[in-house]
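Worksheet: the structure to be examined is printed underneath.
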Amino acid sequence: MNNFIFENSTKIYFGKGCVKEYLTCLVKRYGKNVMIGYGGDSVISNGIYDEMIECLTKAGKNVVEFSGICQNPTYEKVQEGAKLAEENKIDFILAVGGGSVIDCCKAVSMAAVYEGDLWNDFFVKYGIMDFDPVPLGAVVTETETGSGMNGKAVITNKALKVRTGRDYPKCNPRFALIDPAYSCNASRRQRVSDGFDTLSHIMEIYFSKPDEDNVSDDIAEALMKNVIQNLRAAIKEPKDYTAKSNLMWDAAMAENRILKLGKQTDFQCQQMEYQLAAYTDCNQGEGLAVLHPVYYRHIYRNGCRKLRDSLLTYGVFQVRERQRKKQPVKEWRRWPVL
């Protein structure tokens, strides 16, 4: 494997009821004023918002709302959140939602204390973060791609028609609460989109160099199989807690930096999707679903061995699953191009 340095400072609390059990105690160690960032009305209608407020009230916090964070969060929204945080002297930010909400809140945690041009200094290029952002925590409500376990924020500058992401370890949430029950109300379209988003992140790491045998690739193969298996189960039965819990941990593993150890991770297809989203505001998973088939048809010859091995491995996996379930075993055929 290639050389690497690994860091992940986020503490994870995973499982049903983890928010009610831990959130009140976790936020007590921070200051009085807490800003809660979230997206639309779904967090309110499904009762998640009320649970957050109850926990924060028990902890004796003054709560400031930062709502309306949409998919593909914009730099304008980041500036709005930063202004709100400054005016209310926010001591802690709690992001409640999926990747878009958490990404936006990370950027807000930086912008609220940085006096320069955040976009030019930290998103156009990697900057040196010689300051401490506002502390951040996350309550993950969707099968997103590990934003609750990394410092990466993907932001769209609408004025420039540019969407980009940077990962700063200081922006890692201090903690992330992942309750799979919170994701059971997602629409079928959102579940499929999130599942493919997770799969695509793993695939782009897996097919990057080096190609020699390494631990990261072996973990990626296991995760890809798990995503496919449990996404099918979650589509068939939206309330399947086991499937949702597996998918949420698959998503966390996709971008908690573990899979990237010793890998180049150029993410060419992700970069193309960023600009597609900058112009069309498309959902990330759906944008990747459009681009990936074309992308892999273009590059498959350079990754032929891995494609063949992963397909054959998955074929064996499918046969074993059907045998276990006592279902007819279909013949596994290789792709003609291989």
Filtering region 1-38 down to residues that are of a type in the set (G, A, S) and either at positive phi or modelled with pLDDT under 95 (or both) yields S9, G15, G17
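Yes/no matrix, rows are residues, columns are (1) modelled with pLDDT of 95 or more; (2) under 30 Å from Y182 (Cβ atoms); (3) of a type in the set (A, V, I, L, M):
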{"site": "V124", "(1), (2), (3)": "yes, no, yes"}
{"site": "E144", "(1), (2), (3)": "no, yes, no"}
{"site": "G148", "(1), (2), (3)": "no, yes, no"}
{"site": "I155", "(1), (2), (3)": "yes, yes, yes"}
Being closer than 24 Å to F123 by Cβ and either in a helix (DSSP H, G or I) or touching a helix residue (DSSP H, G or I) at 6+ places or on another chain (Cβ under 8 Å) (or both) narrows it down to one of E221, E144, so name that one. E144
Residues of region 218-274 that turn out to be among the basic types (K, R), more than 20 Å from D167 (Cα to Cα) and over 18 Å from the mean Cα position of the chain (by Cα), as a count: 4
Across (1) out of contact with any Gly (no Cβ under 8 Å at 6 or more places or on another chain); (2) not assigned by TED's automatic domain parsing to the domain that holds E80, N3 clears everything bar (1)
Would a scan of region 248-270 turn up a residue that is touching a residue at least 12 places away in the same chain (Cβ under 8 Å), among the acidic types (D, E) and over 27 Å from F14 (Cα atoms)? yes
Taking the condition β-branched (V, I, T) and either part of a strand (DSSP E or B) or out of contact with any helix residue (DSSP H, G or I) (no Cβ under 8 Å at 6 or more places or on another chain) (or both), does V192 pass? no
Just checking, does region 169-187 include any residue being more than 21 Å from V290 (Cβ to Cβ) and free of Cβ contacts under 8 Å to residues at least 60 places away in the same chain? yes
Just for helices (runs of 4 or more DSSP H) wholly inside region 1-107: which have at least 2 residues that are surrounded by fewer than 20 Cβ atoms within 10 Å (Cβ to Cβ) and more than 23 Å from the chain's Cα centre (by Cα)? 18-27, 48-58, 75-87
Please list, ordered by first then second residue, the pairs with beta carbon atoms under 6 Å, 6 or more apart or interchain, first in region 100-119 and closer than 25 Å to V43 by Cα, second at pLDDT below 95. S100/Q71; V101/G39; I102/S147; I102/G148; D103/S147
From Y300, Y295, Y279, Y274, grab the single residue that is surrounded by 17 or more Cβ atoms within 10 Å (Cβ to Cβ) and more than 25 Å from V140 (Cβ to Cβ). Y295
Restricting attention to region 152-189, the residues that are among the small types (G, A, S), surrounded by 24 or more Cβ atoms within 10 Å (Cβ to Cβ) and touching a strand residue (DSSP E or B) at 6+ places or on another chain (Cβ under 7 Å) number exactly 2
Take L276 and tell me if it is modelled with pLDDT of 90 or more, out of contact with any Ser or Thr (no Cβ under 7 Å at 6 or more places or on another chain) and either closer than 18 Å to L223 by Cα or not assigned by TED's automatic domain parsing to the domain that holds T74 (or both). yes
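The values are calculated or read from the model by the stated rules, or taken from the named source; none is laboratory data. Just so you know, these numbers come straight off a predicted model, no measurement behind them. Note: ideal-geometry Cβ built from the backbone for every residue, glycine included; neighbour counts use all protein chains shown.
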